[in-house]
1. Checking Asp135 against (1) under 19 Å from the mean Cα position of the chain (by Cα); (2) acidic (Asp, Glu); (3) more than 21 Å from His245 (Cα to Cα), which test does it fail?
2. Taking the residues in the range 140-153 that are closer than 24 Å to Phe232 by Cβ and in contact (Cβ under 8 Å) with a residue 40 or more places away in the chain as candidates, determine which candidate is nearest to the chain's Cα centre (by Cα).
3. Could you list, in sequence order, the residues of the range 124-178 that are under 14 Å from Tyr106 (Cα atoms) and of a type in the set (D, E, K, R)?
4. So which of Gly79, Gly40, Gly107 ends up being surrounded by fewer than 16 Cβ atoms within 10 Å (Cβ to Cβ) and of a type outside the set (Val, Ile, Thr)?
5. Does the range 84-93 include one or more residues that are on the phi > 0 side of the Ramachandran plot and assigned to a loop (DSSP other than H, G, I, E, B)?
6. Identify, please: which residue in the range 228-256 is part of a strand (DSSP E or B) and in contact with a Pro (Cβ under 6 Å, 6 or more places away or on another chain) and is, among those, surrounded by the most Cβ atoms within 10 Å (Cβ to Cβ)?
7. Report, ordered by the first and then the second residue, all pairs with beta carbons closer than 9 Å, sequence separation of six or more or different chains, a first member in the range 68-79 that is under 14 Å from Cys252 (Cβ atoms), and a second member that is small (Gly, Ala, Ser) and assigned to a loop (DSSP other than H, G, I, E, B).
8. With (1) on the phi < 0 side of the Ramachandran plot; (2) surrounded by fewer than 19 Cβ atoms within 10 Å (Cβ to Cβ); (3) in contact (Cβ under 8 Å) with a residue 40 or more places away in the chain as the list, and Leu221 as the residue in question, which single condition is left unmet?
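Just so it is clear, none of the values below were taken in a lab; they were calculated from the coordinates. This one's a predicted model, so the numbers in the text were calculated from it and none came from an experiment. So basically every Cβ, Gly included, is an ideal-geometry build from the backbone, and we count neighbours across all protein chains shown.
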Amino acid sequence: MRRGRTLLTVALLACLGLPTVADAAQTVKLHASLTPERLGHGTTIGFGFRITSRGRGAPAPLRQVEVSYPNDLGIALSGIGLATCTSERLEESGPEGCPTESLMGYGTAETEIPIGSEILHEKAHLTLLRAPVQDGRLAMLFYADGTTPVSAQVVLPGLILPTPPPYGGRIDVSVPLIPSLPGAPEVSLTQLQTTVGPEHLTYYERIGRRLFAYQPQGILLPDTCPRSGFPFAATFAFQDGTRAHAETHVPCPRSR
């Protein structure tokens with residue numbers, strides 16, 4: 001993690017006094033999308049969540065999130081993430097230093113920094129990249145790049161793991177503790193939205209002496225849709241020892 005702060009930001013935070021800590025458990029909300037949603041065709045999965053505190057202050061820092069996605073979605077065979085990038089390379093050069101074909105999606109993240117009676121909000125750009133295989137499992141890296149009010153770049157490692165039906169697998173993401181200022185609570189991740197699929201991705205293939213741009217096929221949707229729609233679920237684990245669970249469905253597309 002590369003981290004820096006401007007003198008103005010440090011002075012502002014230092015003047016706000018002692019930290020405020022959330023005094024109650026967290027609530028979570030999950031949402032998901034399939035774009036386009038055409039059965040038997042390639043798609044881009046979108047998922048995101050929002051975390052709020054039931055008490056005062058910011059939510060407890062998130063340490064792990066597991067997002068389960070519908071059965072019969074072939075992420076490993078989608079044609080995205082043909083190359084890989086390492087966390088060391090990301091930390092050194094950012095996504096620009098990784099192969100273009102390692103890109104798997106884009107998104108945004110939001111955090112809260114509790115300082116005194118104030119809560120500072122920060123937005124970050126999110127880039128999802130393919131990582132080298134770990135123990136035979138498809139791995140990925142979420143690169144969050146925040147700039148205001150605190151400049152911070154954080155890498156969140158993820159693995160695709162098996163899970164029982166009606167889900168086809170789950171994305172297991174580890175969230176490191178992100179320090180703010182000495183003596184102040186860690187940064188709280190409150191919102192995340194990302195895509196996994198070809199939307200906004202451009203790959204390149206060299207044929208002879210020419211380089212051709214193309215869009216990957218995408219994650220293939222099955223030919224049929226479950227009666228209740230495509231199910232998604234997420235489990236969250238927080239630093240204070242609490243856990244939370246959320247579910248949602250993407251409705252089946254309308255028949256033509």
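1. Here Asp135 meets the rest and fails (1).
2. Looking at residues that are closer than 24 Å to Phe232 by Cβ and in contact (Cβ under 8 Å) with a residue 40 or more places away in the chain, I get Phe142.
3. If the condition is that a residue be under 14 Å from Tyr106 (Cα atoms) and of a type in the set (D, E, K, R), then Arg130, Asp145 are the ones that fit.
4. One residue alone meets the criteria, Gly40.
5. So far as the range 84-93 goes, no, none of its residues is on the phi > 0 side of the Ramachandran plot and assigned to a loop (DSSP other than H, G, I, E, B).
6. By that ranking, first place goes to Phe230.
7. Correct list of pairs: Pro70/Gly229.
8. (2)
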